[in-house]
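Written out below as structure tokens is the structure these notes cover.
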Amino acid sequence: MENVCIIGAGWSGLASCQVLHERGIAFDCYEAGSEVGGNWRYGNDNGMSSGYRSLHINTSRKLSEYRAYPMPADYPDYPDHARIARYLDDYVDHFGFRDAISFRTLVTHVEPAEGGGWDVTSRQRDTGEETTRRYGSVLVANGHHWDPRDPEPAFPGADTFTGTQTHSHHYRTPEEYAGKRVLVLGFGNSASDIAVETSAVSERTFLSVRSGGYVFPKYMFGKPGDDMISPFITRVMPRETQRWVMAALLRMSIGKVTDFGLPKPTAKLFNSHPTVSETLLPRLGHGGITVKPNIERFDGGTVHFTDGSSEEIDAVVYSTGYKVSFPFLDASVMAPTDNDVSLFHRVADPHHDGLYFVGLFQPLGATTVLAEAQSHWIADLLQGRAALPPKEAMLREITRYKEKLAKRYVTSKRHTMQVDHYPYLAELRGARREGARLARRALRKGLAPVAPPEEVTVRIAASPETVWDLVSDVTRMGDWSPECRRCAWRGEERGVGARFTGHNRRGRVRWVTSNTVEEWERGRAFAFHTTTNGVRWGYRMEPDGAGGTLLTERWDVTGQNTGQRKRTASFAKMMLGGYENHTEELRQGIHTTLERVKAAAELQERQAPVELRQGARAAAPVDVETAA
Ligand SMILES: NC(=O)C1=CN([C@@H]2O[C@H](COP(=O)(O)OP(=O)(O)OC[C@H]3O[C@@H](n4cnc5c(N)ncnc54)[C@H](OP(=O)(O)O)[C@@H]3O)[C@@H](O)[C@H]2O)C=CC1
Ligand SMILES: CCCCCC(C)=O
């Protein structure tokens, strides 16, 4: 089992990369495109971005920036896609985790592995090479605005329509609609942006709306409208009061949507996903866009509407939203029907250990900050600082969430994953607190949550044999490990089954361990089982393709039995500064060990006579590769 896998380097996946990087958790991120940014990379060569050329974010800069990294001060209130993409690039480079992202690599299959963990298969788009790696946990951040949902079922006669039918996912620029009679279907943010844009060049633009809603301006009183969303207002003020205040403000500033020919909102304010636009109402007021009800049927070049009216139309843009889909997960793992997903606090799959989802929500707020907060909770779980409750408790939370949604929102495929910005942040803080409490309780009972195996890889400019000779010589372990003072073989035997004693020290505390070798293959693997506490340590060497070695050290406590877990926890609690603290020290110790082995191996390689080196190798030192 290896590290953590993050699928997708859009702004949700990047939030996870940053948080895991900061928390010292090793991960690999796979991104189908050549660049980060997902939807915010216009023309993304992953072929999945829905962004159009004029796309500007519809939540303000202040609300939308990551907590860990502000947007540049000279950015406007509502940056466009190019600025957001640049900001995401800067974010990656500022924190320095670009190397952990495999670009142009599409994840094709993710399946539960026998014995725990996940097998992740990916395909490198240029070479076609398929690779399967095993991970302890998978964070799915593949986005949910890339798989277009056409009207279901198709409208009667749609197959007879003589004009063009396009989904907004494929819309880029308005030029092709110049001089045409355009019908935009839907009343979400895509429909609103696209109708405004085509209306500037078309002969006529019609907006076909099946469910009426409110339109929120981008500015109120000269400030970004979402400046008004504060923790106080959204968490303390009753929703009815929030509603009353906002309705009054909207009435005063822009009037009623019905004054612009739009249908009466189907739901109360805040009970449907908001359409945010500074330009839609004026375009309606200017007569640039004509509102129509839903389509009833098509007939050749004519579109008939449900109010009995009809129009000759040249082009239809279905702005009918997106499907939540995970093409790499088998239906037995997760197959959302009608965008319905069941995740504990919108993150953890109660049925599958180690499967987490990031950014899989529809926020009344900004994705970035919420994805960051989700990632911190996931990092707690990965590090054993928090634990999940029993499955039944998770399922109960999911039921409660769905009941609340059903009460508040209009039933629709677009309202299956709604969250409110500050209340959801508070909910995640609560989940972290509760998770920490559960972890502590388990610890008190002597049952520390089982931490997933830790693996760290370093690239070493020395042959696998040189590296193996160093790490398998247990008498030198004290030279590498911060905690181990020395090890001594018991008896003459070397190889699988050979035993040795470890002498460890932390401050004034000393202890001894018994160990048995489990893997012994020169140039490939060395692993041993610390029988005293059930922990397994391993070193794996792989050629790095340039004459050097990728050395992976692995620490695995998943094989500990209950007694061993109890003893480890109470020993750590009494003697080693606490279980969590000591576990963290062990994790850091792996990095130190690898750095020291690397330095020794490279020195040895440089000093060895050329003829003694194992084949021709590039001797240039290279940096640590995946050490987080
Ligand atoms: N500038 C920005 O930041 C932008 C952000 N976005 C975001 O992207 C996401 C997707 O937005 P969008 O693409 O607008 O999709 P949405 O799912 O938000 O909206 C879909 C719209 O299509 C309507 N619809 C769906 N199916 C049918 C049908 N069969 N017949 C008639 N009407 C139908 C829905 O009506 P009903 O309500 O009745 O289901 C709804 O009005 C949202 O989160 C949005 O906020 C989108 C564009 C720009
Ligand atoms: C549909 C295009 C807009 C994409 C923006 C988001 C929120 O993903």
Cα centroid separation, region 510-531 to region 82-139 (Å): 31 Å
Amide H contacts of T205 (H built 1.01 Å from N, under 5 Å, at least 5 apart or other chain): V182, T290
Antiparallel DSSP beta bridges within region 300-452, as percent of all bridges there, nearest 5: 65 percent
Antiparallel DSSP beta bridges within the chain, as percent of all bridges there, nearest 5: 65 percent
Accessible area in square angstrom per residue, the chain, 1.4 angstrom probe: 44 Å²
Unit charges at the beta carbon, dipole of the chain: most positive-side option, T302, M48, G136: G136
Taking the convex hull of Cα positions in the chain, its mean projected area over all directions (nm²): 31.7 nm²
Sequence-separation-based contact order of the chain, relative, with Cα cut under 8 Å and 6+ spacing, percent: 14 percent
Order of exposure, largest accessible area first, which applies to H144, H286, H56, H94 with probe 1.4 Å: H286, H94, H56, H144
Distance violations [Cα-Cα > 20 Å] among K323/K404; K62/K223; K292/K413; K180/K256: K323/K404; K292/K413; K180/K256
Accessible-area order (highest first, 1.4 angstrom probe) of the listed residues T593, T258: T258, T593
Whole-Hz couplings from phi, Karplus 6.51/-1.76/1.60, listed for region 229-237; x for Gly and Pro: 6, 10, x, 4, 4, 7, 10, 9, 6
3J(HN,Hα) from dihedral phi, region 295-307, Karplus parametrisation 6.51/-1.76/1.60, rounded to Hz, x for glycine, proline: 6, 9, 6, 9, 8, x, x, 9, 10, 9, 9, 5, 8
Radius, Kirkwood style, for region 196-350 when every pair of distinct Cα atoms is counted (Å): 18.8 Å
Aspartates and glutamates with Cα under 14 Å of K573, excluding same-chain neighbours fewer than 8 positions away: E584, E585
Between region 439-486 and region 213-245, the Cα center-to-center distance that results, in Å: 52 Å
At 0.890 mPa s and 25 °C, Stokes diffusion of region 349-508 via Kirkwood alpha-carbon radius, µm² per second: 122 µm²/s
Surface share of carbon and sulfur [accessible, 1.4 angstrom probe, percent] for region 198-305: 56 percent
Of all DSSP beta bridges in region 95-221, antiparallel share, percent nearest 5: 70 percent
Spatially proximal lysines relative to K566 (Cα-Cα < 29 Å; intrachain offsets below 8 disregarded): K391, K445
Using alpha carbons only: equivalent-ellipsoid semi-axes of region 1-150, gyration tensor based, whole Å: 28, 18, 13
Extension gain from H503 to E152, taking 0.36 nm per residue of separation minus the Cα-Cα distance: 119.6 nm
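The values are calculated or read from the model by the stated rules, or taken from the named source; none is laboratory data. Just so we're clear, the structure is a prediction, and the values are computed from it rather than from any experiment. Positions of Cβ are backbone-derived with ideal geometry, glycine not excepted, and every protein chain shown enters the neighbour counts. Note: areas computed on protein heavy atoms with side chains; ligands, DNA, RNA excluded. Shrake-Rupley method; radii C 1.70, N 1.55, O 1.52, S 1.80 Å.
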